[in-house]
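A short write-up of the structure that comes next.
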Amino acid sequence: AKATGGGVFSNYHPRMREGLVDRLELESDLRAALENGDLRLHYQPTVDLATSQVIGFEALVRWPHPTRGMINPLDFIPIAEATGLIVPLGQWVLHEACRQAVEWGVAGDGYPPKMSVNVSVRQFDRADLSEMVARVLAETGMPADRLCLEMTESVLMTDTEANLEQLLRLKALGLTLAIDDFGTGYSSLAYLRRFPVDTLKIDRSFVERLGVIADDTALTDTIVRLGKSLGMATVAEGIEEFGQLAALREMGCGFAQGYYFSRPVPAAEAGRLFLEGANV
Ligand code: C2E
Ligand code: CA
Ligand code: CA
Ligand code: CA
């Protein structure tokens with residue numbers, strides 16, 4: 001299967017009937033994988049740009065499929081969202097990420113790393129999201145202030161009032177909230193001020209063209225300043241080259257993730273990075 005770019009399997013044929021069969025088969029396979037505990041999490045370090053220290057991780061779900069090989073989340077998260085499976089899947093991801101962070105904390109100085117978990121807009125449709133999160137925190141012993149939930153701008157732009165209340169309930173638990181892929185959606189500045197958001201994650205598409213396309217460099221700089229003026233942290237996604245890192249440091253961006261530091265790695269490797277206090 002292709003490593004990046006959604007919707008493409010190595011054995012995919014662009015005919016409708018096969019597409020549908022594929023989809024139905026994937027849906028039942030995904031349901032089974034979830035029930036059998038076959039899904040895995042990989043963890044990508046978040047680095048403090050001031051100290052180069054690993055301060056936490058983003059949990060990213062992985063599906064090792066028995067016959068298709070590793071399936072890209074961009075290929076199965078949409079299926080999970082369309083079928084509602086994203087609700088139990090999202091709960092499993094949150095539980096496993098928190099459990100793992102607490103385990104690393106116990107093995108270290110007692111304090112878990114900061115853990116970021118992606119929450120689909122479909123999970124916000126559920127009025128009981130904050131109760132689910134509270135339950136997982138209690139079950140795993142994860143301190144709320146170590147957890148960050150990542151959501152896309154669409155959460156701010158759809159069902160605005162209900163989602164605002166939901167976000168306030170989540171904030172009341174003591175966790176932090178991040179806007180993922182920031183800059184690719186349509187959130188207005190007024191919304192940003194109104195919602196209890198702590199962190200902006202600058203989308204990879206801007207970082208990719210840093211120093212190459214002047215407009216993107218200016219936009220990235222603007223997002224970093226915007227974050228600062230609103231009292232929000234800024235995390236740059238998808239850093240692959242030293243030049244991008246240098247430019248972001250210069251702008252005063254606080255944190256970063258990307259292949260330059262580390263790809264998302266299995267739990268054992270991420271645990272070593274954390275426990276060694278790695279400067280990656
Ligand atoms: P995302 O939340 O924007 O996650 C970042 C994606 O960029 C990850 O892809 C990561 O592997 C990739 N990435 C990180 N650094 C670099 C880099 O330097 N260069 C490049 N080219 N890519 C980089 P991944 O793991 O394939 O996940 C894709 C998307 O699937 C995620 O995008 C997220 O939207 C979704 N996803 C993954 N896990 C979950 C989950 O547990 N729940 C939900 N709802 N969505 C998830
Ligand atoms: Ca994310
Ligand atoms: Ca992102
Ligand atoms: Ca993205």
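Figures for the structure shown
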| quantity | calculated |
| --- | --- |
| Verdict on residue 238 being small (Gly, Ala, Ser) and either assigned to a helix (DSSP H, G or I) or more than 16 Å from ligand 2 (Cβ to nearest atom) (or both) | no |
| Residue under evaluation residue 266, criteria (1) over 12 Å from residue 183 (Cα atoms); (2) over 17 Å from the mean Cα position of the chain (by Cα), criterion not met | (2) |
| Within segment 122-133, tally of residues that are buried (at least 18 other Cβ atoms within 10 Å of the Cβ) and among the aliphatic types (A, V, I, L, M) | 2 |
| Considering residues of segment 167-202 that are basic (Lys, Arg) and within 15 Å of residue 133 (Cα to Cα) only, the residue farthest from the chain's Cα centre (by Cα) | 169 |
| Count of residues meeting criterion [within 13 Å of ligand 1 (Cβ to nearest atom) and under 18 Å from the mean Cα position of the chain (by Cα)] in segment 225-254 | 6 |
| Selection from segment 222-243 of residues that are closer than 18 Å to residue 181 by Cβ and more than 16 Å from ligand 4 (Cβ to nearest atom) | 222, 224, 226, 227, 230, 232, 233 |
| Some residue of segment 167-178 being more than 16 Å from ligand 2 (Cβ to nearest atom), of a type in the set (S, T, N, Q) and at pLDDT 90 or above | no |
| Spans of strands (runs of 3 or more DSSP E) in segment 19-119 with at least 3 residues within 12 Å of ligand 1 (Cβ to nearest atom) | 40-48, 54-65, 114-118 |
| Residue list for segment 251-269, restricted to those being open to solvent by 20 Å² or more (accessible area, probe 1.4 Å) and either among the aromatic types (Phe, Trp, Tyr) or over 20 Å from residue 222 (Cβ atoms) (or both) | 255, 259, 260, 261, 263, 264, 266, 267, 268, 269 |
| Residues that are over 18 Å from residue 84 (Cα atoms), among the basic types (Lys, Arg) and at pLDDT 95 or above, drawn from segment 5-55 | 40 |
| Single residue of segment 194-217 satisfying the filter (of a type in the set (A, V, I, L, M) and within 14 Å of ligand 3 (Cβ to nearest atom)) that is farthest from residue 148 (Cα to Cα) | 207 |
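Results for (1) within 16 Å of ligand 2 (Cβ to nearest atom); (2) buried (at least 18 other Cβ atoms within 10 Å of the Cβ); (3) free of Cβ contacts under 8 Å to residues at least 24 places away in the same chain, shown as yes or no for each residue.
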residue	(1), (2), (3)
64	no, no, no
69	no, no, no
89	yes, yes, no
94	yes, yes, no
107	no, no, no
112	no, yes, no
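The values are calculated or read from the model by the stated rules, or taken from the named source; none is laboratory data. Predicted model only: the values in this text are computed from it and were never measured. We place every Cβ from the backbone using ideal geometry, glycine too, and count neighbours over all the protein chains shown. Note: accessible area is taken over every heavy atom of the protein model, side chains too, but ligands, DNA and RNA are not part of it. Shrake-Rupley method; radii C 1.70, N 1.55, O 1.52, S 1.80 Å.
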